[in-house]
């Protein structure tokens with residue numbers, strides 16, 4: 001699709017300009033602005049196996065690494081509370097947050113004791129859908145998200161997930177076993193694998209309908225520079241030539257059972273469970289590799305577990321880099337996120353920026369109108385056509401590839417022993433431990 005190719009090119013170029021970080025030596029993050037809503041993001045960067053398509057900050061799990069990390073995480077939560085922040089919503093991502101259930105429960109309980117948390121969202125993997133992990137979370141987590149990616153056994157094998165998580169049918173039965181345990185059960189899926197056919201995707205959609213989940217998120221396969229080669233070796237070369245047609249397949253297959261909740265999220269119950277970037281423009285991230293967006297500035301915590309532990313032990317913020325955005329950049333971000341959430345509020349935009357969206361972003365609004373992306377487009381709001389929803393998928397795909405590029409930059413500064421955990425077969429010592437402390441090897 002020509003419109004998709006144009007958007008992809010423009011967003012990639014914008015990423016190169018907008019997502020360049022500068023080091024910072026601040027000792028504390030800025031405090032909250034009175035009357036503004038914030039969301040709390042907590043990052044737990046441990047997985048028992050590292051997936052080839054993932055660019056998030058993650059390390060092979062070992063208790064020697066994880067236990068001191070959770071202690072540092074609690075210190076950072078206290079630091080954020082001391083700055084005066086409060087939160088009603090908390091999102092826990094990773095990594096695999098449920099990798100140590102007792103430590104995860106401790107983090108949730110600690111956050112609830114410090115803040116006015118009313119809803120908790122948490123990610124997990126199919127092998128953790130067992131009573132020993134689910135039962136402690138039932139009364140603590142309202143929104144539970146499981147990373148399935150696909151039910152197709154051939155794709156699971158390519159992703160190195162078949163041996164670990166079992167067949168698509170086995171994963172489906174595990175999902176059924178936890179259906180109804182949480183207010184919202186979301187299943188994360190990926191589409192546009194190089195070897196994925198329309199029939200394979202249609203079968204994924206049909207199995208979702210059986211699973212008992214009340215929400216699903218279909219992410220397009222994203223290839224940041226660092227994971228591009230590993231993706232090529234495992235699943236093949238990523239192409240966007242068939243992405244639109246595959247999106248139409250899943251959109252049509254979900255119709256009647258699920259309603260769009262964002263450009264790539266579909267819900268049976270209304271509302272969105274885990275797209276905090278839509279519901280909250282400002283958020284505070286804690287943990288190694290966490291991002292914060294506060295009053296127009298992006299803050300990035302160190303990706304090094306050793307450095308994170310050292311900084312928090314010395315009473316310093318985990319943030320080591322930042323990027324302050326201009327007014328126009330913030331306008332574009334608001335426009336993209338509003339449309340991604342399916343309804344852009346023109347009146348709030350004009351109030352916050354002192355100009356209509358047409359005045360502030362004439363090229364962007366003109367392009368979207370010209371390609372037929374808008375459905376309702378009056379003085380108050382803008383909504384999307386089905387084609388417009390796909391264009392937002394393409395736009396967000398490139399935006400997150402750019403964000404993953406930021407992660408790649410941060411990961412490039414890791415100490416040698418931590419890089420070996422991710423990219424080699426070496427060992428390294430845990431933060432604060434002696435050099436001969438045993439740690440997990442990379443897969």
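Read-outs throughout are calculated quantities, based only on the coordinates presented, and are distinct from any laboratory measurement. As the structure is a computational prediction, the values presented were derived from the model and not from experiment. With ideal geometry, Cβ positions are generated from the backbone for all residues, glycine too; neighbour counts draw on all protein chains shown.
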query = Among 291, 87, which comes first, then next, by fewest other beta-carbon atoms within 10 Å?
reply = 291, 87
remark   = FRET efficiency for residue 139 and residue 169 from the Cβ-Cβ distance with R0 = 51 Å, rounded to 0.05, comes out at 0.95
query = What's the exposure ranking of 47, 242, going from fewest to most Cβ atoms within 10 Å?
reply = 242, 47
inquiry  = Which of 35, 354, 372 ends up with the largest GNM mean-square fluctuation for the chain, with Cα atoms connected below 10 Å?
reply    = 35
For segment 361-394 versus segment 92-115, the gap between their alpha-carbon centres in whole angstrom = 39
key: Antiparallel DSSP beta bridges within the chain, percent to nearest 5   = 40
Within segment 22-279, percent of DSSP bridges classed antiparallel, to nearest 5 = 15
query = Do the sum for the chain: with -39,500 (n - 2.57) for every DSSP H run of n ≥ 4, divided by all residues, what is the mean residue ellipticity at 222 nm, to the nearest 500 deg cm²/dmol?
reply = -13500 deg cm²/dmol
Fewest-first sequence of 160, 352 by Cβ atoms within 10 Å of each Cβ = 352, 160
Packing-based order for 316-325, 142-151, using average beta carbon neighbours within 10 Å, highest first = 142-151, 316-325
query = For segment 134-160 and segment 306-357, what is the separation of their C-alpha centers, rounded to whole Å?
reply = 29
ask   = For segment 94-199, what class follows from the C-alpha gyration tensor (a ≥ b ≥ c being the square roots of its eigenvalues): rounded when a/c is under 1.5, otherwise prolate if a/b is larger than b/c, else oblate?
value = prolate
ask   = Once the Cβ-Cβ distance between residue 132 and residue 88 is put in as r, and R0 is 45 Å, what FRET efficiency do you end up with, to the nearest 0.05?
value = 0.95
ask   = In percent, how large is the relative contact order of segment 20-137, given Cα pairs closer than 8 Å and 6 or more residues apart?
value = 30
message = Please compute the modelled spin-label separation between residue 343 and residue 358, points set 7 Å along Cα→Cβ, answer in nm with one decimal.
response = 2.2
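Could you give the length gained by full extension between residue 56 and residue 78, i.e. 0.36 nm per residue of separation minus their alpha carbon distance, to one decimal place?
Working: separation 22, 0.36 × 22 = 7.92 nm, distance 2.43 nm.
That pair, residue 56 and residue 78, stretches by 5.5 nm at full extension.
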